[in-house]
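A.B. asks: Dumping the structure here so I can ask a few things about it.
The values are calculated or read from the model by the stated rules, or taken from the named source; none is laboratory data. What you see is a predicted model, and the numbers here were worked out from it, not measured in a lab. Glycine also receives a Cβ, built like all others from the backbone with ideal geometry; neighbour counts cover every protein chain displayed.
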Amino acid sequence: MDYQQNEYDVAAHLAVMVRRSIKIVDQKKESIKNAEGILDNFEQVACKLRKIRTARDRDSGGKKLVGVFGIPKRGKSTLINVLLGENLLPTSSVPMSSSVIEIESDRSIEGWKITTEYDDARCEYENHNSLKDAAEHIELVGSRRGRVSAKRILVQGAFPNCKVFDKHSCKLVDTPGAESAFSEESISEDEGKSQEDLRRETQRAIQEMNRMHLVLFCLRADYLETEADSRLYQEHIHKLLPLNVVGFKDKWENGPEDLLNHARTKHHLYKKRTLAISASSVARAENPSQALREESGIVELEDRIDIELQLFKPEIGIPICFAEYKAALNLRRWLLPEKIHILNFVKVLERCGCDWSNVIRAEINANAASWKVD
Ligand SMILES: Nc1nc2c(ncn2[C@@H]2O[C@H](COP(=O)(O)OP(=O)(O)OP(=O)(O)O)[C@@H](O)[C@H]2O)c(=O)[nH]1
Ligand SMILES: [Mg+2]
């Protein structure tokens, strides 16, 4: 992992301070103006620190996991294909994906290597030289068009057009539409799948969420009213601080700003963490131009993924969390935790002794009175 023990200690102590501040707001909620907004700001920092601190427990072969979640037919697989720059995953207007599919880049590989793992622990290995063959195989073992449904599929390939892989050592993870847990009545026995199959697929998606370093939560512009999206977001996804991706923006007539306002209001999404895209226009183009990719919102999404994954570099992640904590305090000295917590934080910063931790320590010392450490 990128973080060393000393750096984790800094993150842990900062997290303690943030939690204390949350408690103070909680206790005085009734008498504080905008308490909910202040709490939200603190909660977001707490969530980022939690992500940093739990990252080392995850088994991802050192790679960051970027997972795409949402109920069926939200454009998840289409979005991953567009990020990959090739139409590898099966997409369809009826519920399609049934397995968790992890995709990673190895630029030394020619073709596509596919490892398929089944529920009974059986594994299969395949090499394919053409994209068409690789896509057909994935469709056969990882979608409802196939006869068998794998538990997990790992695809390795060069993916020379994938901007996310250019910048980060990570995996993109496609998941089956998670629905049955949220709207029992909507389970349909379509395409020969039993309710048991649908439940298992939903469970697969939910189990995956907690392993992710970054969660992309997919909604679609023409189904903003569906309750299942809201329930999935509130019960499982909200706490993971996702980037919310409202797809199908081509289906919304009043422009992206209006679409984003509707989506945020309907599902109580964080304003700064929600974007609008239209993936299918890029997926359909033979050689999508930069202008088309920008217009689709994909370029903005790639930039946001880049920023989110930088959180896992200590010299970037911890200063960001500290700056956001400071902004959330907003000079309200009474929101600071007890002096002992701040002194402990300064101590671990000193022990850490990196450039970035020295900068934070110098800043606290220079404003000792307002940080209660004089
Ligand atoms: N108009 C429009 N269609 C889209 C967009 N994104 C995806 N689609 C279409 O929506 C359908 C569903 O897309 P998928 O990517 O298969 O959706 P999914 O969320 O992976 O679905 P499941 O695997 O069943 O959970 C496909 O027919 C896509 O071509 C978009 O931005 N605009
Ligand atoms: Mg899919």
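A.B. asks: Under 6 Å by Cβ, and 6 or more places apart or on different chains, what pairs join a residue from the range 195-218 that is exposed (fewer than 15 other Cβ atoms within 10 Å of the Cβ) with one that is modelled with pLDDT under 80?
C.D. replies: Gln195/Ile187
A.B. asks: Moving on. For Ala178, state whether it is small (Gly, Ala, Ser), farther than 29 Å from Val299 by Cα and surrounded by 22 or more Cβ atoms within 10 Å (Cβ to Cβ). Break it down into steps so the answer makes sense when it comes.
C.D. replies: On the way: small (Gly, Ala, Ser): yes; farther than 29 Å from Val299 by Cα: no; surrounded by 22 or more Cβ atoms within 10 Å (Cβ to Cβ): yes.
Taking the combined requirement at face value, the residue does not satisfy it.
A.B. asks: Looking at Glu363, Glu324, Glu308, can you tell me which residue is part of a helix (DSSP H, G or I), touching a strand residue (DSSP E or B) at 6+ places or on another chain (Cβ under 6 Å) and closer than 26 Å to Val25 by Cβ?
C.D. replies: Values: Glu363 fails: touching a strand residue (DSSP E or B) at 6+ places or on another chain (Cβ under 6 Å); Glu324 fails: touching a strand residue (DSSP E or B) at 6+ places or on another chain (Cβ under 6 Å).
Going through Glu363, Glu324, Glu308 in turn, the sole match is Glu308.
A.B. asks: Of a type outside the set (Lys, Arg), in a strand (DSSP E or B), touching a strand residue (DSSP E or B) at 6+ places or on another chain (Cβ under 8 Å) and within 16 Å of ligand 2 (Cβ to nearest atom): is that true of Ile138 in this structure?
C.D. replies: On the way: of a type outside the set (Lys, Arg): yes; in a strand (DSSP E or B): no; touching a strand residue (DSSP E or B) at 6+ places or on another chain (Cβ under 8 Å): yes; within 16 Å of ligand 2 (Cβ to nearest atom): yes.
So Ile138 fails the test.
A.B. asks: If you don't mind, another one. Checking Asn344 against (1) farther than 14 Å from Val10 by Cα; (2) at pLDDT 95 or above, which test does it fail?
C.D. replies: Failed condition: (1).
A.B. asks: Check Ile103 against each of (1) outside any loop (DSSP other than H, G, I, E, B); (2) away from ligand 1 (no atom under 16 Å from the Cβ) and name the one condition it does not meet.
C.D. replies: Here Ile103 meets the rest and fails (2).
A.B. asks: Further, regarding this structure: What number of residues in the range 145-173 are in a strand (DSSP E or B) and either under 20 Å from Gly111 (Cβ atoms) or more than 21 Å from the chain's Cα centre (by Cα) (or both)?
C.D. replies: Qualifying residue count for the region: 7.
A.B. asks: Take the residues in the range 197-236 that are within 16 Å of Lys73 (Cα to Cα), among the polar types (S, T, N, Q) and away from ligand 2 (no atom under 16 Å from the Cβ), then tell me which one is modelled with the highest pLDDT.
C.D. replies: For the range 197-236, the residue satisfying everything is Ser230.
A.B. asks: Given (1) touching a helix residue (DSSP H, G or I) at 6+ places or on another chain (Cβ under 9 Å); (2) in a helix (DSSP H, G or I), identify the lone condition not met by Pro337.
C.D. replies: Here Pro337 meets the rest and fails (2).
A.B. asks: Next up: Scan (1) under 24 Å from Ser278 (Cα atoms); (2) away from ligand 1 (no atom under 12 Å from the Cβ); (3) surrounded by 21 or more Cβ atoms within 10 Å (Cβ to Cβ) for the single condition Thr116 breaks and write down its number.
C.D. replies: (1)
A.B. asks: For the range 194-217, how many residues meet the condition of being part of a helix (DSSP H, G or I) and farther than 16 Å from Val100 by Cα?
C.D. replies: The number of residues fulfilling the criteria is 2.
A.B. asks: Could you count how many residues in the range 98-117 are in contact with a Leu (Cβ under 7 Å, 6 or more places away or on another chain) and under 17 Å from Phe217 (Cα atoms)?
C.D. replies: 2
A.B. asks: Moving to a separate point now. Going by the conditions given, is Ala276 of a type in the set (A, V, I, L, M), more than 16 Å from ligand 2 (Cβ to nearest atom) and surrounded by fewer than 18 Cβ atoms within 10 Å (Cβ to Cβ)?
C.D. replies: Answer is no for this residue.
A.B. asks: OK, next. Among (1) surrounded by fewer than 16 Cβ atoms within 10 Å (Cβ to Cβ); (2) among the small types (Gly, Ala, Ser); (3) out of contact with any Asp or Glu (no Cβ under 7 Å at 6 or more places or on another chain), there is one condition Ser296 misses while meeting the rest; what is its number?
C.D. replies: The single condition Ser296 does not satisfy is (1).
A.B. asks: Give me a count of the residues in the range 218-264 that are assigned to a loop (DSSP other than H, G, I, E, B) and either within 14 Å of ligand 1 (Cβ to nearest atom) or of a type in the set (S, T, N, Q) (or both).
C.D. replies: Looking only at the range 218-264, we keep the residues that are assigned to a loop (DSSP other than H, G, I, E, B), and these are 224-226, 241-242, 248, 252-255.
So of that shortlist, the ones also either within 14 Å of ligand 1 (Cβ to nearest atom) or of a type in the set (S, T, N, Q) (or both) come out as 224, 226, 248, 252-254.
Residues that pass the stated criteria total 6.
A.B. asks: Next question. Restricting to the range 63-75, count the residues that are within 13 Å of the chain's Cα centre (by Cα) and either within 9 Å of ligand 2 (Cβ to nearest atom) or closer than 10 Å to Phe217 by Cβ (or both).
C.D. replies: Within the range 63-75, residues that are within 13 Å of the chain's Cα centre (by Cα) and either within 9 Å of ligand 2 (Cβ to nearest atom) or closer than 10 Å to Phe217 by Cβ (or both) number 4.
A.B. asks: Next up: So which of Thr78, Thr91, Thr54 ends up being without any contact (Cβ under 8 Å) to a residue 12 or more places away in the chain, within 26 Å of Glu308 (Cβ to Cβ) and either within 16 Å of the chain's Cα centre (by Cα) or within 12 Å of ligand 2 (Cβ to nearest atom) (or both)?
C.D. replies: Thr54
A.B. asks: A further question follows. Which of the residues spanning the range 145-180 are of a type in the set (D, E, K, R), in contact (Cβ under 8 Å) with a residue 40 or more places away in the chain and more than 14 Å from Val66 (Cα to Cα)?
C.D. replies: Taking the range 145-180 first, the residues of a type in the set (D, E, K, R) are 145, 147, 151-152, 163, 166-167, 171, 174, 179.
Then keep just the ones that are in contact (Cβ under 8 Å) with a residue 40 or more places away in the chain; that gives 145, 151-152, 163, 167, 171, 174, 179.
Matches in the range 145-180: Arg145, Lys151, Arg152, Glu179.
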